[in-house]
Amino acid sequence: MNRPYYEKKNMNALFQISLNTFRETIRNKILYAIFFFALLIILLSVFFGQWSVFARIQVMQDFGLAAMSLAGLMLSIFIGVGMLGREIADKTLYNLLSRPISRSVFIWGKFFGLLAALILNFILMALFFIVVLSIMEAPPAPILLKALALTGVEMAVMIAAALFFSTLTTPMLASFFTLGFFIAGHSNDLLESIMVAKSNPAYTALLKGIYFILPNLEHFNIRSQVIYGVPLPAHWTSIAACYGILYAAFLLIMSSLIFSRRDL
Amino acid sequence: MNIIEFQHVTKFYRRNFWNSQIAAVQDLSFAITGGTIVGFVGPNGAGKTTSLKMLMGLVRSTSGAIKINGRNALEPQARNGIAFVTEQPYFYSYLSVYESLELIAGMQKTIDRKKAIAQTLEIVELENATKKKVKDLSKGMQQRLNMAAALLVDAECYVFDEPMSGLDPLGRRLFRDIFQNLKNIGKTIFFSTHILDDIESVCERVIVLSSGKLSYEGAVAELLSRGFLGTDIVTTSLPPNLISQLIAFNYEVKSTQDQHADIFIKSGGDVKACQKLLFENGITIESILPRRKSLETMLYSK
């Protein structure tokens, strides 16, 4: 069989798996539950803003961005982790993987389908947020759009992490690991400060290893800059986005390698 | 050319971290050539499904090699000319019959997807259920959809894992016809089953597994001839003098309650001489049937 034909076939498979995953995700009731939960938080931020001693718009922006980041985490845990686990438990992947399709195509297809559905969901949440802000006479500044874009990139990293952990272990453990990954990813700066404070070289090397393996999800969090109007360093958004995409790709490559060796 | 080849394949499973490994398949070697229907038989837990999963790249063997058309079965490209039907139909419950087949057709180079799906649905007699959700189909209908998914691929070899389980007699007949039609156009069929009747009526060759090991491989006809015990001739009632004559020829004679007699001629006995004797005495022969050991006895007895 010639190579271009095989590659075309793999592209077809990638598209079909992505499409089917997208279809499956948008039929998932959890998606709507989390979506409406995020919308509710965004709406409530209007009232929280009124009661706050800080500027109302700043509180709204803080709440809105945090709600969307949290929604991304919940979606990647509840939908991302469950998706692969369910495929394995229900054996629906037998029908696909017994065909001339590599397991990495399956993993990437799942990722793209899930990402497309969750990004669509995220865009709708972001539009709602922007509309609410506009009604409150605070049209979105360019930095807010950058913050939203980086939250989207963080969501992609979290979906890749959810898939990675679900190739390794049971859905329950994978959910805990994904949550731990999120918390550790947002605490990575803390590790850096501990490294500076410690003088033991072995301990520092261990912390350095963890620091470089774990992602720094704080790169995607520019809420403070949005709220206080602090300008971002040059090219921050594009560098952070590239970092996120590369990290997600790394996780997916690892997931493919692990999944390729797994007995189904 | 061998389409499928198992070379000293062994698979060990570990039930959990603390338990020792158990062997599902041990040193299994066989080969399947093109254009034949081969049955894969064995009792529950013999290792049939594990072997088929290893063939389809769903499970990795602990040692040995599995080849499809000379390629390592773990390479996705090796599965290019092979279609697999699982024991249970594993489809996405939220998809319709048509959507399920569209998903599969979309993964391969199908020139006219709609036409291919329509033709396949007609073969498995599901053309009136295209819009039905998979979750609303009966077990038999899901099994037909499973078959349709395999037929959608223009494969050189079709591998079925217990394809007829859950089918009614009509469904079984349909599947047997499909096997025969595939055979007639030169396709290779390799299927596992518990139902030995299917082996006798459909297969040319049989591979028997017992406790993960190969216990027999060969032609079904040869296997059946090995178990040939003799011939039963059923006649109308026999006069006593004729019974004495038949016994003198070393035939076993039994009178049945419905005014019939059953003459048994052991393997190697002269059936024609017996027929001639009956004819000369004006006896009507109602049936002549071979008597043999059941396939179960031949395949599973140690």
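Collect the residues in the stretch A:225-257 that are surrounded by 15 or more Cβ atoms within 10 Å (Cβ to Cβ) and within 14 Å of another protein chain (Cβ to nearest Cβ), keeping them in residue-number order.
Listed by number, the list holds a single entry, A:SER256.
Which condition does B:GLY186 not pass, out of (1) at positive phi; (2) surrounded by 14 or more Cβ atoms within 10 Å (Cβ to Cβ), if it passes all the others?
Looking at each condition in turn, B:GLY186 falls short on (2).
Taking the criterion of being free of Cβ contacts under 8 Å to residues at least 40 places away in the same chain, within 11 Å of chain B (Cβ to nearest Cβ) and farther than 20 Å from B:GLU99 by Cβ, would at least one residue in the stretch A:39-57 satisfy it?
No, the stretch A:39-57 contains no residue that is free of Cβ contacts under 8 Å to residues at least 40 places away in the same chain, within 11 Å of chain B (Cβ to nearest Cβ) and farther than 20 Å from B:GLU99 by Cβ.
Starting from the stretch A:170-196, take each residue that is over 18 Å from A:GLY85 (Cα atoms) and list its partners that are of a type in the set (Asp, Glu), counting only C-beta distances under 8 angstrom and pairs at least six apart or across chains.
Close Cβ pairs satisfying both conditions: A:GLY185/A:GLU218; A:HIS186/A:GLU218; A:ASN188/A:GLU218; A:ASP189/A:GLU218.
Only one of A:GLU154, A:GLU218 is touching a helix residue (DSSP H, G or I) at 6+ places or on another chain (Cβ under 8 Å), surrounded by fewer than 22 Cβ atoms within 10 Å (Cβ to Cβ), part of a helix (DSSP H, G or I) and not hydrophobic (A, V, I, L, M, F, W, C). Can you tell me which?
A:GLU218
Which residues, counting only those in the stretch B:152-165, are within 18 Å of the chain's Cα centre (by Cα) and buried (at least 18 other Cβ atoms within 10 Å of the Cβ)?
Within the stretch B:152-165, B:CYS157, B:TYR158, B:VAL159, B:PHE160, B:ASP161, B:GLU162, B:PRO163, B:MET164 qualify.
Sort out which residues of the stretch B:118-151 are within 14 Å of chain A (Cβ to nearest Cβ), over 20 Å from the mean Cα position of the chain (by Cα) and either without any contact (Cβ under 8 Å) to a residue 24 or more places away in the chain or in a helix (DSSP H, G or I) (or both), and write them in order of number.
Passing the criteria: B:VAL134, B:LYS135.
Could you tell me which residue of the stretch A:168-210 is farthest from A:ILE79 (Cα to Cα), considering only residues that are of a type in the set (Val, Ile, Thr) and over 23 Å from the mean Cα position of the chain (by Cα)?
In this case the residue turns out to be A:VAL196.
If only one of A:SER260, A:SER224, A:SER256 is in contact with a Leu (Cβ under 9 Å, 6 or more places away or on another chain) and among the hydroxyl-bearing types (Ser, Thr, Tyr), which one is it?
Step by step, each of A:SER260, A:SER224, A:SER256 is checked, and only A:SER260 is in contact with a Leu (Cβ under 9 Å, 6 or more places away or on another chain) and among the hydroxyl-bearing types (Ser, Thr, Tyr).
Restricting attention to the stretch A:7-27, and to residues there that are in contact with a helix residue (DSSP H, G or I) (Cβ under 6 Å, 6 or more places away or on another chain) and not aliphatic (A, V, I, L, M), which single residue is modelled with the lowest pLDDT?
So, considering only residues that are in contact with a helix residue (DSSP H, G or I) (Cβ under 6 Å, 6 or more places away or on another chain) and not aliphatic (A, V, I, L, M), the one modelled with the lowest pLDDT is A:ASN10.
Of the residues A:GLU87, A:GLU154, which single one is among the acidic types (Asp, Glu) and within 12 Å of the chain's Cα centre (by Cα)?
Sole residue among the options that is among the acidic types (Asp, Glu) and within 12 Å of the chain's Cα centre (by Cα): A:GLU154.
Which count do you get for residues in the stretch B:44-66 that are buried (at least 18 other Cβ atoms within 10 Å of the Cβ) and out of contact with any helix residue (DSSP H, G or I) (no Cβ under 7 Å at 6 or more places or on another chain)?
10
Among the residues of the stretch B:1-27 satisfying the criterion of being β-branched (Val, Ile, Thr) and surrounded by fewer than 20 Cβ atoms within 10 Å (Cβ to Cβ), which is farthest from B:LYS187 (Cα to Cα)?
B:ILE22
May I ask you to say which residue of B:THR188, B:THR193 is at pLDDT 85 or above and among the polar types (S, T, N, Q)?
The unique qualifying residue is B:THR188.
Give me the pairs, please: first residue somewhere in the stretch A:95-108 and more than 7 Å from every other protein chain (Cβ to nearest Cβ) and under 19 Å from B:VAL159 (Cα atoms), second residue anywhere and of a type in the set (A, V, I, L, M) and in a helix (DSSP H, G or I), beta-carbon distance under 7 Å, and either six or more positions apart or on two chains.
A:LEU96/A:ILE17
Yes or no, residue by residue, for (1) modelled with pLDDT of 90 or more; (2) closer than 27 Å to A:LEU96 by Cβ:
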site	(1), (2)
A:PRO231	no, no
A:SER238	yes, no
A:ALA241	yes, no
A:ILE245	yes, yes
A:ALA248	yes, yes
A:LEU251	yes, yes
A:SER255	yes, yes
A:LEU264	no, yes
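Examine the stretch A:96-107 for a residue that is in a helix (DSSP H, G or I) and within 18 Å of the chain's Cα centre (by Cα), and state whether such a residue exists.
Yes: the stretch A:96-107 contains one or more residues that are in a helix (DSSP H, G or I) and within 18 Å of the chain's Cα centre (by Cα).
Restricted to the stretch A:24-38, and to residues that are crowded, with 17+ Cβ neighbours inside 10 Å and part of a helix (DSSP H, G or I), which residue is nearest to the other protein chains (Cβ to nearest Cβ)?
It comes out as A:GLU24.
Does A:PHE220 count as touching a residue at least 40 places away in the same chain (Cβ under 8 Å) and in contact with an Asp or Glu (Cβ under 7 Å, 6 or more places away or on another chain)?
yes
Within the stretch A:195-214, does at least one residue satisfy the condition of being of a type in the set (S, T, N, Q) and under 26 Å from A:ASP62 (Cα atoms)?
Checked the stretch A:195-214: no residue is of a type in the set (S, T, N, Q) and under 26 Å from A:ASP62 (Cα atoms).
Residues B:ALA73, B:ALA78: which one is in contact (Cβ under 8 Å) with a residue 12 or more places away in the chain and over 23 Å from the mean Cα position of the chain (by Cα)?
Within the list B:ALA73, B:ALA78, the selection yields B:ALA78.
Matching residues to (1) closer than 22 Å to A:ILE88 by Cβ; (2) modelled with pLDDT under 90:
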residue	(1), (2)
B:LEU28	no, no
B:ALA31	no, no
B:THR36	no, yes
B:LYS53	yes, no
B:ASN80	no, yes
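The values are calculated or read from the model by the stated rules, or taken from the named source; none is laboratory data. Since the model is a prediction, treat every value here as computed from it, not as a measurement. Positions of Cβ are backbone-derived with ideal geometry, glycine not excepted, and every protein chain shown enters the neighbour counts.
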